[in-house]
Amino acid sequence: MSFRGRRDSTEATPLLQDSLDEEQQQKLWPPNPKSRGIVWGSLTLTFLIALVLVLGFNNEFGDVVRPWLGFLPKDPLLAAQIILRDAPVIDGHIDLPFLVRSQYSNNVTAVDLASRIPGHVDIPRLIKGKVGGFFWSTYVPCPKPDGVDGDFLDASWRVRDTLEQIDVSKLLIEKYPKTFRLALTTDDIKEAINSRKIASLLGVEGGHQLGNSIAVLRQYHALGVRYVTLTHTCHNAFADSCGYLPGMIPLHGGLSALGKSLIEEMNRLGVLVDLSHTSDATTTQALRHSKAPVIWSHSSARAVHDVPRNIPDEVLRLIGTGEGQKDGVVMVNFAPFFVANPGEATVAAVADHVEHIAKIAGIAHVGLGSDFDGIEDVPIGLEDVSKYPALIAELYRRGWNKYALAGLTGANLLRVFEGAERVARLLQLAGTEPKFDVYNKRPDL
Ligand SMILES: [Zn+2]
């Protein structure tokens, strides 16, 4: 019987107790030797645990103890592995489909992603790199990479070639159903990651792949495309590109009227507006015109390395949720030419871009868009998709906590994508009509 059970307590005052009478106190004191042993034993054990914790936290042994207590290990690479287990990488731009085109003539049967293949991406390395999702870039080159393609009316197979890139992507995703899952929505991405699969999204890398037609955008969306980069390295009927090297002469001065309609249709459909490759004028106009949050699927910071493909600080300052800003995520590009001077592109240099964008635009507006399989060279230490943990470790070493790193690896992109889904839903609920603008130089319509 419990001590309390002998008291005359009531339901209303169960915790109120009278003081013990003398006889009862004598029964309790002094404690018998057995209870004394238990007390001393507990105290000694507590002291020893405290000693292990204090000493353990400051040496290698601490990295064994810390995760058990909910702390991250001090070793940056160990910590990165733990963070990535819960928050895997969602990369904004991977050119695997183009590698399949250029090296396998689109023959998906010949591509054995379960073993090591040329380039930067295959399943073993994706798993090692803790990848939870990526945009498969369906890319077709510009007709004239560094210049204006006349009136954009020349005979072209670019829509066909884009359809082939979409075909290749989907067939590879289907070929490995235990690894990949086609993702059309943010819910799909989360479900894929929760079931330990790699969420596979489709992006079209350039308005030149639309054949000047907003109807083509609608059909790409129907096939599963969830971002379109407004330009590649060439201008097109919709917008100006920043080109590749300095000196690109603008054509429209940013967006054309058709380009504005294209953005409105992307907003209505829920296709993300991707501003990588666009000129600064296109970028700022698109930021103003888009109702939905935007992305840069693979772009870095111009203040860190001054090339036209990188984003200047004045644009970074337009990203956010404040007055005159638009929500967005800049997914940092690993291409050495955009990262640093020749020979200086390293994990640390890429981390510098991440930190600069986080400093100017905010920590909630940076992500990862490697450009793997679309770049010939790679940074030292970021040689392929197995190396993302090295970048996460570098940032952890610099003081980034797990929440900031989870934002970088994927949560920031998810928020932006959810924002675009919300805008699309609202526009459709409001009965917004599809766009039927025709390119004014088309002779057939
Ligand atoms: Zn690109």
> When you scan the stretch 73-99, how many residues do you find that are away from the ligand (no atom under 16 Å from the Cβ) and assigned to a loop (DSSP other than H, G, I, E, B)?
Replying inline: 5
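Inspect the stretch 379-386 for any residue being among the β-branched types (Val, Ile, Thr) and more than 16 Å from the ligand (Cβ to nearest atom) and give the result as yes or no. Walk me through how you get there before you give the answer.
Narrowing the stretch 379-386 to residues among the β-branched types (Val, Ile, Thr): 380, 385.
If we keep only those that are more than 16 Å from the ligand (Cβ to nearest atom) too, we end up with 380, 385.
So far as the stretch 379-386 goes, yes, one or more of its residues are among the β-branched types (Val, Ile, Thr) and more than 16 Å from the ligand (Cβ to nearest atom).
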>> Just the residues that are touching a strand residue (DSSP E or B) at 6+ places or on another chain (Cβ under 6 Å), away from the ligand (no atom under 16 Å from the Cβ) and either hydroxyl-bearing (Ser, Thr, Tyr) or farther than 30 Å from GLU191 by Cβ (or both), please, taken from the stretch 221-257.
In response: LEU255
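Here's a check for you: in the stretch 394-410, which residue that is of a type in the set (Phe, Trp, Tyr) and outside any loop (DSSP other than H, G, I, E, B) is farthest from LEU77 (Cα to Cα)?
TYR403
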> Just wondering, is there one or more residues in the stretch 148-167 that are within 16 Å of the ligand (Cβ to nearest atom) and assigned to a strand (DSSP E or B)?
Replying inline: no
>> Quick check on ALA192: is it assigned by TED's automatic domain parsing to the domain that holds GLY92, modelled with pLDDT of 95 or more, surrounded by fewer than 24 Cβ atoms within 10 Å (Cβ to Cβ) and farther than 25 Å from ASN333 by Cβ?
In response: no
> Cβ-Cβ below 7 Å, separation at least six or inter-chain, first residue in the stretch 232-261 and assigned by TED's automatic domain parsing to the domain that holds LYS144, second within 14 Å of the ligand (Cβ to nearest atom) and acidic (Asp, Glu): which pairs?
Replying inline: HIS232/GLU205
> How many residues, within the stretch 262-308, are surrounded by 22 or more Cβ atoms within 10 Å (Cβ to Cβ), touching a His at 6+ places or on another chain (Cβ under 7 Å) and over 23 Å from GLN219 (Cβ atoms)?
Replying inline: 3
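The values are calculated or read from the model by the stated rules, or taken from the named source; none is laboratory data. Quick caveat: nothing in here was measured; it's all calculated off a predicted structure. As a convention, Cβ positions derive from the backbone with ideal geometry for all residues, glycine included, and neighbour counts pool all protein chains shown.
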